[in-house]
Amino acid sequence: MNKTEPIILAITAASGIIYGIRTLEFLLKNEHKVELIISSKAYYIFEQELGIEICHDKNIIEKQILDYLNIDNKNQVLKVWLDNEIWASPASGSYKTKGMIIAPASMASIASIASGLSENLIARIADVMIKEENPLIIVPRETPFSAIHLENMLKLSKLRVKIVPPIIGFYGKITTLEDGIDFIVGKILDAAGIHNDLYQRWD
Ligand SMILES: Cc1cc2nc3c(=O)[nH]c(=O)nc-3n(C[C@H](O)[C@H](O)[C@H](O)COP(=O)(O)O)c2cc1C
């Protein structure tokens with residue numbers, strides 16, 4: 001796969017921040033360029049779930065995330081945008097990317113994307129992915145789903161958005177929570193067309 005164009009990764013304010021972070025870790029360690037947007041509403045959940053107090057400054061966010069993952073950025077593989085930077089490069093369809101992953105995706109962000117609101121950078125880039133027919137992978141996190149959630153996801157699915165819920169298949173010798181997270185991240189990367197061996201495939 002061409003590693004020069006970035007993949008956009010968005011983390012929104014839903015439980016399961018680890019799915020986004022583990023996806024980021026895989027991409028950076030395999031030298032894929034990533035442009036990361038963390039929804040400002042997700043800062044609280046970062047603290048709750050990962051113990052990281054995210055700061056509203058993109059240079060500090062970059063350092064916090066790289067320190068957490070114990071990765072250096074000497075090859076400039078990570079770029080961070082704030083969710084209010086609607087002038088960011090990926091907000092334009094003329095900017096070339098490999099597509100976008102939203103993990104986890106809140107029902108609020110999914111509703112915003114399904115109705116084309118583009119009210120923040122995450123929703124705008126998703127809108128661009130849909131209009132340009134570029135890959136968009138959404139990892140919805142809520143349970144149970146209401147008819148509103150399901151209708152929004154159906155609408156997006158009909159627009160060729162890949163809906164990848166974090167549902168573990170237990171055929172892959174899952175014994176720890178990390179195995180389960182890797183199974184989901186492997187499925188997210190599969191949906192984005194990124195080779196990985198994060199889970200045991202059915203043979
Ligand atoms: C601790 C916590 C956990 C939440 N978990 C979820 C969740 O799993 N799924 C969801 O759709 N919303 C969840 N929410 C609600 C969203 O955070 C809320 O709708 C928010 O406006 C979404 O913003 P965003 O999509 O712009 O990031 C949670 C909120 C809190 C405070």
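The values are calculated or read from the model by the stated rules, or taken from the named source; none is laboratory data. What you are looking at is a predicted structure, and each value in this text was computed from that prediction instead of being measured. Every residue, glycine among them, receives a Cβ derived from its backbone with ideal geometry; neighbour counts consider all protein chains shown.
Quick notes
- Looking across segment 89-100, the residues that are more than 15 Å from the ligand (Cβ to nearest atom) and of a type outside the set (D, E, K, R) come down to Ser89, Pro90, Ala91, Ser92, Gly93, Ser94, Tyr95, Thr97, Gly99.
- Total residues in segment 114-167 satisfying the condition of being away from the ligand (no atom under 15 Å from the Cβ), touching a residue at least 40 places away in the same chain (Cβ under 8 Å) and more than 14 Å from the chain's Cα centre (by Cα): the figure is 1.
- Residues of segment 1-21 that are near the ligand (Cβ under 10 Å from one of its atoms), part of a loop (DSSP other than H, G, I, E, B) and either of a type in the set (D, E, K, R) or touching a Gly at 6+ places or on another chain (Cβ under 9 Å) (or both): Thr12 alone.
- Subset of segment 136-147 that is part of a loop (DSSP other than H, G, I, E, B) and not polar (S, T, N, Q) - its residue that is surrounded by the fewest Cβ atoms within 10 Å (Cβ to Cβ): Pro144
- Within segment 169-192, tally of residues that are in a loop (DSSP other than H, G, I, E, B), at pLDDT 95 or above and surrounded by 13 or more Cβ atoms within 10 Å (Cβ to Cβ): 1
- Test: Leu27 is at pLDDT 95 or above, surrounded by fewer than 20 Cβ atoms within 10 Å (Cβ to Cβ), closer than 23 Å to Ala192 by Cβ and not basic (Lys, Arg): no
- Number of the condition not met by Asp72 [criteria: (1) in contact with a Leu (Cβ under 9 Å, 6 or more places away or on another chain); (2) buried (at least 20 other Cβ atoms within 10 Å of the Cβ)]: (2)
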